[in-house]
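Inspection log for the structure reproduced underneath, given as structure tokens.
The values are calculated or read from the model by the stated rules, or taken from the named source; none is laboratory data. Just so it is clear, the model here is predicted, and its values are computed rather than measured. Positions of Cβ are generated from backbone atoms using ideal geometry, with glycine treated the same way; all protein chains shown enter the neighbour counts.
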């Protein structure tokens, strides 16, 4: 397997690389990343000199450069994670989300189509795994779960761009026979997450003794998935997932935002009492963001039933590991924020 992971210097991508690089099936692992603000090679210091590892600084919006990577490294498998992913940023500046998430995916699909489906191709049993989000399904009410057949109803520029890329991948499978599989995951958390997302924002606010912003009434609900569980699920789907299928990946951990914030406050107070305690007093309710989906929840029974994957971490366990990691890696946080 000559494996291409796009967005490998990012949060999920770097955790995925750590998870798979020593697998005997991997002969070469190529990390393609253009190193935006959220891409950090520091996330990969432990594998930078690994004999299987290759880094290519390439922007997927560059069609020729993308094709060159797939050709030169004789890529046989793709795990496509590269994307602009922060909803708030997509509201204030949607342009990068359209070009990166849609055009970038198109260029990668075209590169694989040219290299894998041409009469001269010698690639055996290739596979294109597109990694997406549950946000493409829109918002749930108080009950119900997203399944693989839930109609798409994206409500933000970010989720709309990811829905578009999902549709492109589906079309390339049905039109050209490109061997593809899609996964849609719930909210990830864990080590190396850029401190713009909820959990690292709250941790950093507590450490700095700054106000913790909570949107609206704080009762928006998300299904939380520990990133290392997600990496295991992605690897399982690449290996065993049926071509043309979609698999939802969830953590079976529904939490309202305000309850997560309170749990983080209490846990940091436990781990770092020298900060002063009473961190819940920092919670500050702010105006809700436009189009804020009320609830997401994943039905992950298909991947469990067909591929045998279930998450290993409960949220209470994973969040403690995550908080400890951020407390122990403040130099990494400072370097990321400086960039």
Yes or no: residue 125 touching a residue at least 40 places away in the same chain (Cβ under 8 Å), surrounded by fewer than 20 Cβ atoms within 10 Å (Cβ to Cβ) and more than 25 Å from residue 323 (Cβ to Cβ)? yes
Within the range 135-151, is there a residue that is at pLDDT 95 or above, under 18 Å from the mean Cα position of the chain (by Cα) and farther than 19 Å from residue 251 by Cα? no
Is it true that residue 275 is surrounded by fewer than 18 Cβ atoms within 10 Å (Cβ to Cβ), over 30 Å from residue 181 (Cα atoms), out of contact with any strand residue (DSSP E or B) (no Cβ under 7 Å at 6 or more places or on another chain) and modelled with pLDDT of 95 or more? yes
In the range 8-33, the residues that are touching a strand residue (DSSP E or B) at 6+ places or on another chain (Cβ under 8 Å), assigned to a loop (DSSP other than H, G, I, E, B) and crowded, with 24+ Cβ neighbours inside 10 Å: 8, 9, 33
Read through the list (1) in contact (Cβ under 8 Å) with a residue 60 or more places away in the chain; (2) surrounded by fewer than 15 Cβ atoms within 10 Å (Cβ to Cβ); (3) closer than 17 Å to residue 7 by Cβ, then give the number of the only condition that residue 57 fails. (1)
The range 192-219, subset under 23 Å from residue 334 (Cα atoms) and touching a strand residue (DSSP E or B) at 6+ places or on another chain (Cβ under 6 Å), residue surrounded by the fewest Cβ atoms within 10 Å (Cβ to Cβ): 211
If you go through the range 231-252 one residue at a time, how many are crowded, with 24+ Cβ neighbours inside 10 Å, over 20 Å from residue 173 (Cβ atoms) and more than 13 Å from the chain's Cα centre (by Cα)? 1
Tell me which residues, restricted to the range 186-198, are under 20 Å from residue 19 (Cβ atoms) and part of a helix (DSSP H, G or I). none
Looking at the range 220-230, is at least one residue without any contact (Cβ under 8 Å) to a residue 60 or more places away in the chain and either assigned to a helix (DSSP H, G or I) or crowded, with 18+ Cβ neighbours inside 10 Å (or both)? no
Restricting attention to the range 307-330, which residues are surrounded by fewer than 17 Cβ atoms within 10 Å (Cβ to Cβ) and outside any helix (DSSP H, G or I)? 308, 310, 312, 314, 329
Is it fair to say residue 183 is outside any helix (DSSP H, G or I), over 17 Å from residue 289 (Cβ atoms), without any contact (Cβ under 8 Å) to a residue 40 or more places away in the chain and in contact with a helix residue (DSSP H, G or I) (Cβ under 6 Å, 6 or more places away or on another chain)? no
If residue 51 satisfies every condition in (1) surrounded by fewer than 16 Cβ atoms within 10 Å (Cβ to Cβ); (2) closer than 20 Å to residue 131 by Cβ but one, which is the exception? (2)
Set 100, 76, 92, 66: member being within 23 Å of the chain's Cα centre (by Cα), over 17 Å from residue 171 (Cα atoms) and loosely packed, with under 15 Cβ neighbours inside 10 Å: 92
Among the residues in the range 103-119, are any part of a loop (DSSP other than H, G, I, E, B) and in contact with a helix residue (DSSP H, G or I) (Cβ under 8 Å, 6 or more places away or on another chain)? no
If you go through the range 165-180 one residue at a time, do you hit one that is modelled with pLDDT of 95 or more, assigned to a loop (DSSP other than H, G, I, E, B) and either under 14 Å from the mean Cα position of the chain (by Cα) or buried (at least 16 other Cβ atoms within 10 Å of the Cβ) (or both)? yes
Could you tell me whether the range 263-271 includes any residue that is in contact (Cβ under 8 Å) with a residue 12 or more places away in the chain, within 23 Å of residue 200 (Cα to Cα), under 18 Å from the mean Cα position of the chain (by Cα) and not in a loop (DSSP other than H, G, I, E, B)? no
What are the residues in the range 34-81 that are assigned to a loop (DSSP other than H, G, I, E, B), in contact with a strand residue (DSSP E or B) (Cβ under 7 Å, 6 or more places away or on another chain) and at negative phi, if any? 47, 52, 58, 60, 73, 75, 76, 81
